[in-house]
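Q: Sharing a structure with you now.
The values are calculated or read from the model by the stated rules, or taken from the named source; none is laboratory data. None of the values given here were measured: they were computed from a predicted structure. Cβ placement follows ideal geometry from the backbone for every residue including glycine, while neighbour counts extend to all protein chains displayed.
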Amino acid sequence: MSTYTLSRGFKKQTHKPGENPWSVSRIAALLVLVVLGATWLVPFAWAVLTSLKSEADAGASTISLNPPDGFSFEAYRKVLSAGDIPAWAWNSLITSVAITFITVATSALAGYAFSRVSFAGKRWLYAAIIAAIIIPPQLLIVPLFRQMLAFDLVDTYWGIILPQAFAPAMVLILKRFFDQIPVELEDAARVDGANRLRVFWSIVLPLSRPILAAVAIFVFIGAWNNFLWPFIVTTDAELMTLPVGLQTVKSAYGLQYAQNMASAILAALPLVVVFLFFQRHIIKGIATTGFGGQ
Amino acid sequence: MSTAIDTPPATTTPVVAEGKKQARRGETLSGWAFAAPFAVLFFLFLVVPALYGLYLSFTGETLTGSGGKLLGFGNYAEALQDPDMWHSLGNTLWFTLLSTVPLVVLSLAFALLVNLGLPGRWLWRLSFFLPYLLASTVVVMFWSWMYNPKLGLINGVLAEFGVAPVAWLQDPNVAMISVVVTTLWWTIGFNFLLYLAALQNIPEQQFEAAAIDGAGKWRQLFSIVIPQLAPTTALIVTLQILASLKVFDQIYMLTSGGPAGSTRSIVQYIYESGFTGYRFGYSSAISYLFFAIIVLVSLAQYRLINRRSAA
């Protein structure tokens, strides 16, 4: 069932029957792809290669694929024993999971209200959310930082989490999805006396798993990689997220290129590994939410 | 569709009307209960800072809280005469132009190539998309190393061909191009995925019909594929322009906005006015000027897209 693995958004498309799979133009296209694909992998490969060299070799001015000192994990050992990276990765994980959970939960609840419940003030709130989509969070850094000072949330997990824990665009995406679920499914349960929350929990949510997963993936990647807000709201090195922490030390490594690259690779690794395992879901999630953002 | 159970009867007795009012109140209550968690966060961390920022933009507020008196439009007048503001704004628009064109055109080309069904499909998809998963800091670390004038791979390879080393990030004439190349590498995967998904939604029959009519591959590309992708292209261009206008991370970390301010973006100028110059009021005023530009761009795009779909 190869159609199953790649269907749902990304069906596998091969050459059409009767068409020569190895025509000159197809071979030319393949060559172009090989060159482009390889080019796109070069920065990764070069970073990995550097990270496996000794500092002396990494800092030597010739490009060498066969360094005199050979390859080792020495740079990784040094970076990990210096201690900050695991702590930053932990901070990133905690804050990203919290942001994802709160965003998905609040967006799903609000999306359901907009889709199914007619309540006073609904139109105003809805209009405000649509208007808010075009406000770039980058423009709010100064007032938000003042607010965080006032709330005493600077240098706390909550200070990192709360301003990132809602997403107007996701409310719209989920509302649109809920709109497509037949109301009859819920009516039956409501006639039986189930209240809204129960209907939402036991009927609507189970039907919405794919879209919830898509939203969660999208939000998680954004939160894990976000730089500007965590950079502004944390000054305590112990509370920094991975991108922010790395930024503060990347200059401190100075000429230690192997360690510099080792720490970059370590920071990249978690999402890359997750991606390799869930490639299909992640790609589908990005495509769905990307299209839904409008 | 079942016949609506709750159609109001022609004449409502007072008792029923009272019941309906109560039901409506119940709906409002449960609606707000569902919306409240989101609405509270939305209000506290978006509406409040947006309004507070607007207020700050009319004051001389600094980090210490001194000088917070009302200045009227003083900050705005100053910003409009500030050569650094205009320079940053110009850089931002230049970056947006330089990055949007290849990020749309190349992502389409990549998606078309991958969609041909050649061997190794998952590998091409992986290599084009993987960088999108990286944090800006990691991207910048990779590319600072690639661009390193003495030890970097790019100058190393150029040296093999006898080309003199280029100061990729230090030469004001080159730095913006280098930033754009890094951005292209980093973010093309998103547009690429959207195009790939859209390509696979084009009905197969259209190609078959065109093939029967004798249309060649290139003809099909321009008469079927690209027109079919028009809504996707409109979406991608919109999202890309807005994303490029907000550029900060990679520029700030690659060049710190240098050399000589030649790559400083408007968001970086907002950041620096606020957090290194400690002029919160002034920084907020520039934020609002920039927001006005974003609103104008969004409106222009909205009109363009609507006109096109109406035509």
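Q: Would you check which residues across segment A:242-268 are touching a residue at least 24 places away in the same chain (Cβ under 8 Å) and more than 9 Å from chain B (Cβ to nearest Cβ) and list them?
A: Matches in segment A:242-268: A:Val249, A:Leu255, A:Gln256, A:Ala258, A:Gln259, A:Ala262, A:Leu266.
Q: Still on this structure: Return the residue satisfying two criteria in turn: it lies in segment A:31-54 and is more than 25 Å from the chain's Cα centre (by Cα) and surrounded by fewer than 18 Cβ atoms within 10 Å (Cβ to Cβ), and of such residues it is farthest from the other protein chains (Cβ to nearest Cβ).
A: In this case the residue turns out to be A:Ser54.
Q: Hey, another quick one. Among the residues of segment B:51-60, are any in contact with a Lys or Arg (Cβ under 8 Å, 6 or more places away or on another chain), not aromatic (Phe, Trp, Tyr) and not in a helix (DSSP H, G or I)? Outline the logic, then answer.
A: To start, the set of residues in segment B:51-60 that are in contact with a Lys or Arg (Cβ under 8 Å, 6 or more places away or on another chain) comprises B:52, B:56, B:59-60.
Those still in the list that are not aromatic (Phe, Trp, Tyr) too: B:56, B:59-60.
Checking which are not in a helix (DSSP H, G or I) leaves us with B:59-60.
Checking segment B:51-60: at least one residue is in contact with a Lys or Arg (Cβ under 8 Å, 6 or more places away or on another chain), not aromatic (Phe, Trp, Tyr) and not in a helix (DSSP H, G or I).
Q: Does A:Phe177 satisfy the criteria of being more than 11 Å from chain B (Cβ to nearest Cβ), surrounded by 20 or more Cβ atoms within 10 Å (Cβ to Cβ) and over 25 Å from A:Leu93 (Cβ atoms)? Write out each step before concluding.
A: Values: more than 11 Å from chain B (Cβ to nearest Cβ): yes; surrounded by 20 or more Cβ atoms within 10 Å (Cβ to Cβ): yes; over 25 Å from A:Leu93 (Cβ atoms): yes.
Yes: the conditions hold for A:Phe177.
Q: Continuing with the same structure: Taking segment A:58-78 only, how many residues are within 11 Å of chain B (Cβ to nearest Cβ) and either of a type in the set (Lys, Arg) or part of a helix (DSSP H, G or I) (or both)?
A: 1
Q: Would you pick out the residues in segment B:134-145 that are facing chain A (nearest Cβ under 7 Å), within 26 Å of B:Leu113 (Cβ to Cβ) and in contact (Cβ under 8 Å) with a residue 40 or more places away in the chain?
A: Restricting attention to segment B:134-145, the residues satisfying the condition of being facing chain A (nearest Cβ under 7 Å) are B:134-138, B:141-143, B:145.
Then drop every residue that is not within 26 Å of B:Leu113 (Cβ to Cβ), which leaves B:134, B:142-143.
B:Leu134, B:Trp143, listed by residue number.
Q: Right, next: Based on what the data block shows, is B:Leu242 within 11 Å of chain A (Cβ to nearest Cβ) and of a type in the set (A, V, I, L, M, F, W, C)?
A: Details: within 11 Å of chain A (Cβ to nearest Cβ): yes; of a type in the set (A, V, I, L, M, F, W, C): yes.
It is true that B:Leu242 is within 11 Å of chain A (Cβ to nearest Cβ) and of a type in the set (A, V, I, L, M, F, W, C).
Q: Residue check, A:Ala223 against (1) of a type in the set (A, V, I, L, M); (2) out of contact with any Asp or Glu (no Cβ under 7 Å at 6 or more places or on another chain); (3) outside the structural domain of A:Pro136 (by TED's automatic domain parsing), all met but one. Which one?
A: Exception for A:Ala223: condition (3).
So that you can scan it fast, the table gives a plain yes or no per residue for (1) more than 11 Å from every other protein chain (Cβ to nearest Cβ); (2) in contact with a Lys or Arg (Cβ under 8 Å, 6 or more places away or on another chain); (3) surrounded by fewer than 18 Cβ atoms within 10 Å (Cβ to Cβ); (4) at positive phi:
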position: B:Ser223; (1), (2), (3), (4): yes, no, yes, no
position: B:Leu235; (1), (2), (3), (4): no, no, no, no
position: B:Ile251; (1), (2), (3), (4): yes, yes, no, no
position: B:Tyr269; (1), (2), (3), (4): yes, no, no, no
position: B:Ser283; (1), (2), (3), (4): no, no, no, no
position: B:Phe290; (1), (2), (3), (4): no, no, no, no
position: B:Ala300; (1), (2), (3), (4): yes, no, yes, no
position: B:Arg307; (1), (2), (3), (4): yes, no, yes, no
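Q: Taking the conditions exactly as written (in a loop (DSSP other than H, G, I, E, B) and at pLDDT below 90), does A:Ala252 satisfy them or not?
A: yes
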